[in-house]
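What follows is a short report on a single structure.
The values are calculated or read from the model by the stated rules, or taken from the named source; none is laboratory data. Treat the numbers as computed from the prediction; the structure is a model and nothing was measured. For neighbour counting, all protein chains shown are included, and Cβ atoms are generated from backbone atoms with ideal geometry for every residue, glycine included.
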Amino acid sequence: MIRIDSVTKRYPDGTVAVDRLSLEIPDRSITVFVGPSGCGKTTTLRMINRMVEPSEGRILLDGADIHAQPVNTLRRSMGYVIQNAGLFQHRTIVDNIATVPRLLGWSKQKARARAAELMERVGLDTALAKRYPYQLSGGQQQRVGVARALAADPPVLLMDEPFSAVDPVVRKGLQDELLRIQDELGKTIVFVTHDIDEAIKLGTMVAVMRTGGHLAQYAPPAELLTAPADEFVEDFLGADRGIRRLSFFPSTGLELQRAPIVAIDADAGRLGARASADAPYLLVTDLDGRPLGWGEPQDLTAGSIDPARLLSYGRPFMPGRDSLRAALDGSVLSPTGWAVAVDGEGRAVGVVSQQVIGAAIRTAHAEGRDDARVGG
Amino acid sequence: MNVLNFIHAFFSDSSHWHGYDGIPARVWEHIQYSLEALGYAALIGLPVGLVTGHYGRGGNTLALIATAGRALPSFGLLVLMFIWLGFGLLPVMIPLVILAVPPILVTTYEALRSVDPSPVDAARGMGMTESRILFQVELPVALPLILSGLRSAAIQIVSTATIAAYVSLGGLGRYIIDGLYQKNYEKVVGGATLVAAMALVTLGIFWAVARLTVSPGVRRS
Ligand SMILES: Nc1ncnc2c1ncn2[C@@H]1O[C@H](COP(=O)(O)OP(=O)(O)O)[C@@H](O)[C@H]1O
Ligand SMILES: [Mg+2]
């Protein structure tokens, strides 16, 4: 555990970058520092590996002051990832990743074998091992930066806006990858970003900072969305925090209806039977059960259903994997107001109305079931 | 007679190819003076440039020293040193080293200052010592520029080492000075040609050294 104990940083020019900051960073989880530019996030992060020395207060690592060990020993036990990756352009990818193991005195062979292993772990093709950084895309370089930080298997990982310089699609990929790696490795990650969505997606705990180096709120993301401490945090969270909070409610409990689902080859009898269900529309699927679209019962004639004339079914969600937010989104996207639930193969397993989703949201709020993180 | 005839005459005269005043002997002397001067200049310029460049301090002082060094006329300095120190290699070395230190020092400083700060930050953050950062992170990236500083210094030394002949030493300057004195223009032109050829060879050597020592990851630009 990292404990920041009323730490203040005053730069020589008088700027107070961090003001009496106190908080505890739990082990084996991702703690995100988020806030507007210049609020002291980087300064805070860099005080943990002593790239910046606090003016007042102290930082404890597992109960011991970080000054208790030599500075370079401390730093070698903490992976460090920065915005533009900061790769060594004169070294190949594999040698970049092998840097810290080499510093720790591993043989070249062992360090390179470890580097190759890490390339796979962060989703890099090992064919890139002998390339130089300039031959890689920004996203790939950032993966190398993460692999390099993980190379000596440090218990702590410090990341300063590591994904800010890549485009949104690549960024999402890197975020998902980080969550996957964290599931496998369970590091103590301190992550700095100015992007509140990134903070909410990645953080187990989120520290919202405000200009002047003050801690505005320190809470799990769901709590942040539910109960922002003040107007600053509320503004910073943005307009649709109610909707975003739904990301924390699983969609497993939704009561799905199977009755309004018909295959495209359904005969008149079946169409008739389905139409008597209390849904105003029927979801037509292909012969494998994958959704094609919605149709009104009276428009569907057995044997001659034209898939082109069906209404869009929006974006289906996967119960168990996706959240209530995805279910609600699916129902809003579909002109019928119903969301389609699918299994891992994309086959429709049920449909659910906005009313039912709404009821589930109210139940979830009432139960405060917001601890389980779910994707989507 | 034109210059080409002079050159041809000088180089085809077999008596110019042996003895203490022969081409091999004079070239060898010239190489020795040049290497020695470059060695001293690098010994001063490189460490000072590397350390000041790494810490980013003293840039203004360096610029001042460099300007002063460039403003000093080598020949004037030679005369002064000769009067002061008498015959010997030292009065020759001092002006040559003073000539060569500024390009080495200033280019090395600039080369280190122009290194991208983020790999340096990353290196420090992962626990590299300052000397490792300097030699394993900054130097390899700054190397092309540092070599270009050494190269300018070397070229200037090679052309200026001719002044050694003024104080009765050898080297290719011998041909030029003796030739002028004896009104033997064949000798003057021959000596000048040799100096130019040595400068070109120096360029070639630095090109090869850069090919061998600069990482392909840095060289691509
Ligand atoms: N080396 C420094 N010297 C003086 N002021 C600094 C220095 N580094 C950062 N600051 C100032 O401290 C404040 C916090 O900076 P920083 O921690 O980099 O913020 P953030 O990472 O949240 O954008 C800013 O006002 C910044 O200008
Ligand atoms: Mg910052």
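When A:N72, A:N84 are screened for being more than 21 Å from A:G213 (Cβ to Cβ), within 16 Å of ligand 1 (Cβ to nearest atom) and surrounded by fewer than 21 Cβ atoms within 10 Å (Cβ to Cβ), only A:N84 passes.
Taking each residue of segment A:44-58 that is more than 9 Å from A:K9 (Cβ to Cβ) and looking for partners that are assigned to a helix (DSSP H, G or I) and modelled with pLDDT of 95 or more with beta-carbon atoms closer than 7 Å, six or more apart or interchain, yields A:N49/A:L74; A:N49/A:R75; A:N49/B:G125; A:R50/A:I66; A:R50/A:V71; A:R50/A:L74; A:M51/B:R124; A:M51/B:G125. Being without any contact (Cβ under 8 Å) to a residue 12 or more places away in the chain, of a type in the set (A, V, I, L, M, F, W, C), within 14 Å of another protein chain (Cβ to nearest Cβ) and assigned to a loop (DSSP other than H, G, I, E, B), is that true of even one residue in segment B:128-136? Yes: one or more hits. On the stretch given as segment B:139-151, residues that are facing another protein chain (nearest Cβ under 10 Å) and surrounded by fewer than 22 Cβ atoms within 10 Å (Cβ to Cβ) total 3. Filtering A:A222, A:A207, A:A199, A:A129 for residues that are surrounded by fewer than 20 Cβ atoms within 10 Å (Cβ to Cβ), more than 20 Å from B:M126 (Cα to Cα) and not charged (D, E, K, R) leaves a single hit, A:A129. The set of residues in segment A:39-69 being in a helix (DSSP H, G or I) and within 14 Å of ligand 1 (Cβ to nearest atom) consists of A:K41, A:T42, A:T43, A:T44, A:L45, A:R46, A:M47, A:I48.
Quick check, is B:A42 assigned to a helix (DSSP H, G or I) and under 11 Å from the mean Cα position of the chain (by Cα)? Judged against the criteria, B:A42 is a match. If only residues of segment A:167-195 that are buried (at least 22 other Cβ atoms within 10 Å of the Cβ) and within 16 Å of ligand 2 (Cβ to nearest atom) are counted, the one that is farthest from the other protein chains (Cβ to nearest Cβ) is A:T193.
With the structure loaded, tell me whether A:I66 is more than 8 Å from chain B (Cβ to nearest Cβ) and within 26 Å of the chain's Cα centre (by Cα) or whether it fails that test. I'd like the intermediate steps shown before the answer.
Working: more than 8 Å from chain B (Cβ to nearest Cβ): yes; within 26 Å of the chain's Cα centre (by Cα): no.
Taking the combined requirement at face value, the residue does not satisfy it.
What helices (runs of 4 or more DSSP H) lie completely within segment A:229-342 and have 1 or more residues being over 26 Å from A:A359 (Cβ atoms)? Give the steps one after another, and end with the answer.
Details: elements: A:231-237, A:241-245, A:268-275, A:324-333.
Correct list: A:231-237, A:268-275.
Of the set (1) within 16 Å of ligand 2 (Cβ to nearest atom); (2) away from chain B (no Cβ under 14 Å); (3) under 28 Å from A:R20 (Cβ atoms); (4) not in a strand (DSSP E or B), all apply to A:A222 but (1).
Is there any pair with a first residue in segment A:110-129 that is in a helix (DSSP H, G or I) and a second that is among the polar types (S, T, N, Q) whose Cβ atoms are under 6 Å apart and which are 6 or more apart or on different chains, and what are they? Cβ pairs passing all conditions: A:A116/A:T126; A:M119/A:T126.
Return yes when B:T160 is polar (S, T, N, Q) and surrounded by fewer than 22 Cβ atoms within 10 Å (Cβ to Cβ) and no when it is not. Steps first, answer last, please.
Numbers: polar (S, T, N, Q): yes; surrounded by fewer than 22 Cβ atoms within 10 Å (Cβ to Cβ): no.
Criteria not met by B:T160.
Of all residues in segment A:82-110, how many are among the hydrophobic types (A, V, I, L, M, F, W, C) and more than 20 Å from A:R46 (Cα to Cα)? I'd like the intermediate steps shown before the answer.
The initial filter retains those residues of segment A:82-110 that are among the hydrophobic types (A, V, I, L, M, F, W, C), namely A:82, A:85, A:87-88, A:93-94, A:97-98, A:100, A:103-104, A:106.
Now narrow it down to the ones that are more than 20 Å from A:R46 (Cα to Cα): A:88, A:93-94, A:97-98, A:103-104, A:106.
Residues meeting the conditions: 8.
With respect to being in contact (Cβ under 8 Å) with a residue 60 or more places away in the chain and closer than 30 Å to A:L128 by Cα, A:N84 fits the description. Condition (residue is away from ligand 2 (no atom under 16 Å from the Cβ), part of a helix (DSSP H, G or I) and within 14 Å of chain B (Cβ to nearest Cβ)) applied to segment A:150-166: is it met by at least one residue? The answer is yes, given that some residue of segment A:150-166 is away from ligand 2 (no atom under 16 Å from the Cβ), part of a helix (DSSP H, G or I) and within 14 Å of chain B (Cβ to nearest Cβ). The residues of segment A:18-38 that are surrounded by fewer than 23 Cβ atoms within 10 Å (Cβ to Cβ) and near ligand 1 (Cβ under 8 Å from one of its atoms), listed by number, are A:P36, A:S37, A:G38. If you check A:G86 against the conditions, is it within 11 Å of another protein chain (Cβ to nearest Cβ), within 16 Å of ligand 2 (Cβ to nearest atom) and among the small types (G, A, S)? It is true that A:G86 is within 11 Å of another protein chain (Cβ to nearest Cβ), within 16 Å of ligand 2 (Cβ to nearest atom) and among the small types (G, A, S). Here A:G79 meets the list (1) within 16 Å of ligand 1 (Cβ to nearest atom); (2) assigned to a strand (DSSP E or B); (3) under 30 Å from B:A142 (Cβ atoms) almost entirely, failing just condition (1).
For segment A:154-171, does any single residue satisfy the condition of being in contact with a Pro (Cβ under 9 Å, 6 or more places away or on another chain) and either away from ligand 1 (no atom under 14 Å from the Cβ) or not charged (D, E, K, R) (or both)?
Our first condition is that a residue be in contact with a Pro (Cβ under 9 Å, 6 or more places away or on another chain); within segment A:154-171, this holds for none.
Looking for residues that are in contact with a Pro (Cβ under 9 Å, 6 or more places away or on another chain) and either away from ligand 1 (no atom under 14 Å from the Cβ) or not charged (D, E, K, R) (or both), one finds none in segment A:154-171, hence no.
Taken together, B:A154, B:A165 contain a single residue that is away from every other protein chain (no Cβ under 14 Å) and modelled with pLDDT under 95, which is B:A165. Yes or no: segment A:17-30 includes at least one residue that is out of contact with any Cys (no Cβ under 8 Å at 6 or more places or on another chain), within 11 Å of ligand 2 (Cβ to nearest atom) and assigned by TED's automatic domain parsing to the domain that holds A:L185. Yes: one or more hits. Test A:L45 against the stated conditions and say whether it is crowded, with 22+ Cβ neighbours inside 10 Å, within 14 Å of another protein chain (Cβ to nearest Cβ) and within 16 Å of ligand 2 (Cβ to nearest atom). Yes; evaluated as a whole, the condition is true for this residue.
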